[in-house]
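The values are calculated or read from the model by the stated rules, or taken from the named source; none is laboratory data. Keep in mind the model is a prediction, meaning the values are calculated, not measured. Quick reminder, even Gly has a Cβ in these numbers, built from the backbone with ideal geometry, and neighbours come from all protein chains shown. Protein only, heavy atoms only, side chains kept; ligands, DNA and RNA dropped before computing areas. Shrake-Rupley method; radii C 1.70, N 1.55, O 1.52, S 1.80 Å.
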Amino acid sequence: MMLCTAASRIFLLCCVVAAFSSAVVAMVISPSVASATKSAMELSNKANIDPSFADEACKLWYSILCVNGDDIPLPLSAMPAAHALYASTLARVGRDREALVQHDKSLLYFDKCKASEQITKAEADVLLAKSKSLQRLMRYRDAIIVLKEISSRCHAPDNVSWLRICQSEAIERAALCSMRIGDLDSSILILEDFEKSTHHDENLNPNVAGMLGASLLLKASSKGKNDESYLIRAVQLLQYASDAAVSPIYSWVYHLVTEKADFNPFDSFTNIYAAFAEANNSPFDDAGLIKLDDKVRLHSIINECEKFWPLGYVLPREKDALAREWASKVDSGKLTWMLKDRAGYGSHGNIIATTTEVLSMYDSSESTNEHEDSKLCQQIVHPPMLLNGRKFSLRVYVIYFPEGAVLTPKGKEMHGSEVYLSTEGLVKFASALYSDETSNDIDNQYMTNSGRGDGRSSKQEDFLYLRNQFNENNVDYEEMWMNIRTSIQLVMNRYSSKQHSIDGDICTSDNVSYFGLPKILGFDFMLDDKTNPWLLEVNRFPGLDPRAASDSRVKYSVQYDAWIAATERIGFSAEHMKKFCPQDYKGFSLEQL
């Protein structure tokens, strides 16, 4: 996941270089600080490609910017860029909460340095990066506030191109955040206000047009609004987005709503699988899926199912229970727990700890925001099943269609929720050999997510490889798979039973089913030494862009099958999909649960 655009990275780097060239005038920089800053810049740039460089970059930036308190180690004009680079590097390894602090420091120095009230491109880039950190932390309302600030400050009556582009991105993201919390009306209001400000259709971003057109159709479907002019406007916006081929979502909806007999919504896309991968992050999924994506909320749904969900405690709320129930157990320095951020992704932010270490982390009497700072403290699966001496996890793909009204060639039809399990999936290996002994290489022994590196040190295989390994060792693959299937079915049944329950400020729209879009979820399991599967987490937005040749066949096959299922579910033939059939395709992989 790229956390800052190439343009903004280059700009930030140039800012620092320019500042150093005038350093003899502004201030004297020690050779050690100059050398450390140059190294930190280089490592931050590398970290955008390979996250393994990010930890070292973070340590360097911390030593430069944070060790000496309020001292300003660099020229004042370089401080916004330095803090922004530190923030982007922290975000690269999932430390978004810390990144927010650095974003705010960068913005503070922008205020000190700027000569006018006009927002600069670098400042806008930092604000956008801050909003993305808030989104990843699931703080969608806070992200909307930041994005609206960007939009208001990027108002460009003279139509300066970068200001318009930046404002358009901010509007699109603000509307998406509104959809993430189920607030369709606010999303439409944000988009319509922006549409009015463009004056002419040719100035409207096709993504914004598509989102607005689809949102208007959703509102019409839920309110029973059949005003012809209202629907014509929605279709015009969708046609504009479809012609621009910005997302398969809008092309799909446009072809569906215009009842085209020749249903070929994806013909205009040159790289359909990149488009499918992006479409899985669309605003039009079920806002209630945060109950699965948020590890603390997920724990509240399935914590009674101890057969496949490891024992866990929500901290700090359940610290006393943890202390009481584990006081009599001998710790002896054994790594027992995995602390997980509620909004963590890619295993970033996970901490492996002993019971004593966990309890000591929460000895402080300092007040915390319990909702934002809650962590799931979960027992490590032990002893784990190993393959070739390494721990591994299984990425199991699930395709979900929510219940409700669905637009079909025959009109609106009611459908129940449908869940499909793909027999295609990935085996993700830790990058280091596993050992029960404590070492300095714990993360590389325990963490199996491929997003933690560039693919050179992390290995992935498909489920055919796993089946062959089981067969060679006389292990029953089918029994293990049946247990996974049962676990997923139970989780999705529990989710469905709580789908419309009130959960904080998240609303679930009754009409998210209307477009019949497939939602691909990633369930991560680990096997113990008896081959029992233990669910680790559910990913609402699993990475579907291939990281290497080893996972491209699997990811393309899962997406291909998901859209075939979606096409047939609404009553169209999937014949149009054959032209997109991936190489080495092994046949339809979905099993309905």
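Working out 0.36 nm times the residue gap between residue 271 and residue 334, then minus their Cα-Cα distance, what length gain in nm do you get to one decimal?
Numbers: separation 63, 0.36 × 63 = 22.68 nm, distance 4.86 nm.
Taking residue 271 through residue 334 to full extension adds about 17.8 nm, to one decimal.
When averaged across all projection directions, what area in nm² does the alpha-carbon convex hull of the range 48-157 cover?
Working: hull surface 30.1 nm².
Across all orientations, the range 48-157 yields a mean hull projection of 7.5 nm².
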FRET efficiency for residue 575 and residue 433, using Cβ-Cβ distance with R0 set to 51 Å, rounded to 0.05: 0.55
statement: Of the convex hull drawn through the C-alpha atoms of the range 379-425, the volume per residue in Å³ is 113 Å³
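Of the cross-linked pairs 375/498; 391/519; 291/340; 375/555, which ones have a Cα-Cα span greater than 26 Å in the structure shown? Before the final figure, lay out the partial values.
Details: 375/498 22 Å; 391/519 29 Å; 291/340 15 Å; 375/555 30 Å.
The pairs that break the limit, which is 26 Å between Cα atoms, are 391/519; 375/555.
In nm, what is the difference between 0.36 nm times the number of residues separating residue 55 and residue 413 and their Cα-Cα distance?
Going from the current span to full extension adds 123.7 nm.
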task: Would you please give the FRET efficiency between residue 76 and residue 189, computed as 1/(1 + (r/R0)^6) with r the Cβ-Cβ distance and R0 = 41 Å, to the nearest 0.05?
output: 0.55
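Round to a whole number: what % of the accessible area of the range 460-593 belongs to carbon and sulfur, probe 1.4 Å? The partial results should precede the final answer.
Values: 2650 of 5870 Å².
Taking all protein chains in place, the range 460-593 shows 45 percent carbon and sulfur surface.
To one decimal place, what orientation-averaged projected area in nm² is obtained for the convex hull of the Cα set of the range 67-109?
Values: hull surface 11.5 nm².
Average of the hull's projected areas for the range 67-109 equals 2.9 nm².
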- prompt: Sorted by accessible area (1.4 Å probe), largest first, how do 253, 235 line up?
  reply: 235, 253
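Tell me the chymotrypsin sites (Phe, Trp or Tyr not before Pro) within the range 522-570 that lie in a loop according to DSSP and have at most 12 other beta-carbon atoms within 10 Å.
none
What is the gain in length, in nm to one decimal, between residue 529 and residue 36 on full extension, counting 0.36 nm per residue of separation less the C-alpha to C-alpha distance?
Details: separation 493, 0.36 × 493 = 177.48 nm, distance 4.59 nm.
That works out to 172.9 nm of additional length.
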field: Computed E for residue 477/residue 585 - FRET, C-beta separation, R0 30 angstrom, nearest 0.05
entry: 0.90
